[in-house]
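Visitor: Sending over a structure as structure tokens; questions will come in a sec.
The values are calculated or read from the model by the stated rules, or taken from the named source; none is laboratory data. Because the structure is predicted, anything quoted here is derived from the model rather than measured. Cβ atoms come from the backbone with ideal geometry, glycine included; neighbour counts cover every protein chain shown.
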Amino acid sequence: ELLKLLKDLQAELGMALLLITHDLGIVRRMSERVYVMNAGRIVEQGKVADIFATPRHPHTQRLLAAEPSGRPEPASRDAPEVIAASQLKVWFPVKKGILRRTVDHIKAVDGITLHLHRGHTLGVVGESGSGKSSLGRGLLRLERSRGAIVFNGRDIQDAGFKELRPLRKKMQMVFQDPFGSLSPRLSVGQIVEEGLLVHDLGGDSYQERRATIGRALEEVGLEPDMQSRYPHEFSGGQRQRVSIARALVLKPDFIVLDEPTSALDMSIQAQIVELLRELQRRHDLAYLFISHDLKVVRALAHEVLVMRGGLVVEQGPADEIFTCPKDPYTRALMDAAFEMKADETGVVSL
């Protein structure tokens with residue numbers, strides 16, 4: 001909708017538009033000419049049709065070949081359930097007046113039911129403000145909520161701080177912003193070590209913990225000797241790998257991934273998607289993958305939940321949602337993401 005508004009304003013006002021993005025689909029749809037940059041320099045430029053059809057520079061070729069692709073690894077239907085929610089509600093009070101009385105609520109999540117099993121990924125998609133992040137935080141008990149939440153067979157909705165603490169290591173979160181989610185005052189080793197210290201894991205000595213941290217960094221594709229470096233010394237993709245290592249070092253069963261690739265360019269997105277696949281395969285992890293990028297969700301999710309206004313408008317196996325969306329809102333999302341229209345029966349060709 002915003003892109004259409006920009007095009008309409010451009011036509012109405014006769015203005016030029018400089019569009020800076022790492023989303024190649026937006027470039028293809030919106031632009032007449034494109035400039036490809038790498039390391040502060042323009043490495044290729046020309047008409048969009050020419051660049052996309054016959055890219056000459058190796059960097060451009062890598063970008064165009066790097067869109068997340070493939071499908072998630074097949075997951076066992078008999079896998080044990082990790083987390084389930086029934087009629088989950090996350091409401092934020094609206095307060096007014098001198099006495100700050102509650103006059104209404106913002107219903108970020110309004111009665112959602114879901115089940116997630118080991119080795120499975122549930123993709124959560126929807127427009128900005130649809131309640132995706134609030135759902136993830138509600139499941140982790142980071143936001144006050146109502147309804148039932150069962151984690152590894154235990155009802156945690158009414159669990160207190162002391163009861164939740166030993167469970168926290170088994171439920172982790174990777175945030176959207178790889179720049180803001182890491183403290184600039186701490187080294188990478190200290191960032192990954194924090195959880196180990198809180199939960200008394202990783203060994204009794206500094207050397208043992210350092211070895212544990214090194215193994216976690218190796219698992220996400222970083223060198224163990226990077227522990228002494230600080231976040232500002234890393235690229236966005238490397239920082240997100242540090243964020244994943246911070247979660248992984250605690251050996252969780254369930255990870256909420258809140259738009260972990262949205263701040264990264266296409267080539268790095270594809271690498272992170274492949275890393276998440278490999279970690280899930282190796283550790284039998286359950287993911288709640290929150291994203292507005294349906295191409296990434298398609299590459300990772302076994303099931304998809306479509307949200308709008310705090311409600312579920314459609315839910316089911318990923319193949320069914322992507323090839324035969326039933327709700328008009330879901331079809332609109334597919335059209336916007338893949339630039340394709342559903343036929344009369346609702347089938348979308350991907």
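Visitor: Hey, can you tell me all the residues within segment 250-280 that are within 21 Å of residue 151 (Cα to Cα) and either under 13 Å from the mean Cα position of the chain (by Cα) or assigned to a helix (DSSP H, G or I) (or both)? Can you show your working first?
Guide: Here is the first cut: in segment 250-280, the residues within 21 Å of residue 151 (Cα to Cα) are 250-258, 279-280.
Across segment 250-280, the qualifying residues are 255, 256, 257, 258, 279, 280.
Visitor: Scan (1) surrounded by fewer than 18 Cβ atoms within 10 Å (Cβ to Cβ); (2) of a type outside the set (A, V, I, L, M); (3) within 25 Å of residue 262 (Cα to Cα) for the single condition residue 176 breaks and write down its number.
Guide: Failing condition for residue 176: (1).
Visitor: What's the number of the condition residue 109 fails, among (1) in the same structural domain as residue 318 (by TED's automatic domain parsing); (2) under 28 Å from residue 240 (Cα atoms)?
Guide: Result: residue 109 fails condition (1) only.
Visitor: Among 270, 337, which is in contact with a Gly (Cβ under 8 Å, 6 or more places away or on another chain), more than 19 Å from residue 112 (Cβ to Cβ) and modelled with pLDDT under 95?
Guide: On the way: 270 fails: in contact with a Gly (Cβ under 8 Å, 6 or more places away or on another chain).
Sole residue among the options that is in contact with a Gly (Cβ under 8 Å, 6 or more places away or on another chain), more than 19 Å from residue 112 (Cβ to Cβ) and modelled with pLDDT under 95: 337.
Visitor: Something else about it: For segment 117-130, give me each residue that is in contact with a helix residue (DSSP H, G or I) (Cβ under 9 Å, 6 or more places away or on another chain) and either surrounded by fewer than 23 Cβ atoms within 10 Å (Cβ to Cβ) or not polar (S, T, N, Q) (or both). Let's see the steps before the verdict.
Guide: Going residue by residue through segment 117-130, those that are in contact with a helix residue (DSSP H, G or I) (Cβ under 9 Å, 6 or more places away or on another chain) are 119-121, 123-127.
Matches in segment 117-130: 119, 120, 123, 124, 125, 126, 127.
Visitor: Step by step: first the residues of segment 32-76, then only those that are in contact with a strand residue (DSSP E or B) (Cβ under 9 Å, 6 or more places away or on another chain) and hydroxyl-bearing (Ser, Thr, Tyr), then the one that is modelled with the highest pLDDT. Which residue is that?
Guide: This residue is 35.
Visitor: For segment 28-50: of the residues being free of Cβ contacts under 8 Å to residues at least 24 places away in the same chain and of a type in the set (A, V, I, L, M, F, W, C), which is surrounded by the fewest Cβ atoms within 10 Å (Cβ to Cβ)?
Guide: Taking segment 28-50 and keeping what is free of Cβ contacts under 8 Å to residues at least 24 places away in the same chain, we get 31-35, 37-50.
The next check asks that each one be of a type in the set (A, V, I, L, M, F, W, C); those that pass are 34, 37, 39, 42-43, 48-49.
Working: 34: 20, 37: 12, 39: 6, 42: 10, 43: 14, 48: 16, 49: 11.
Selected residue: 39.
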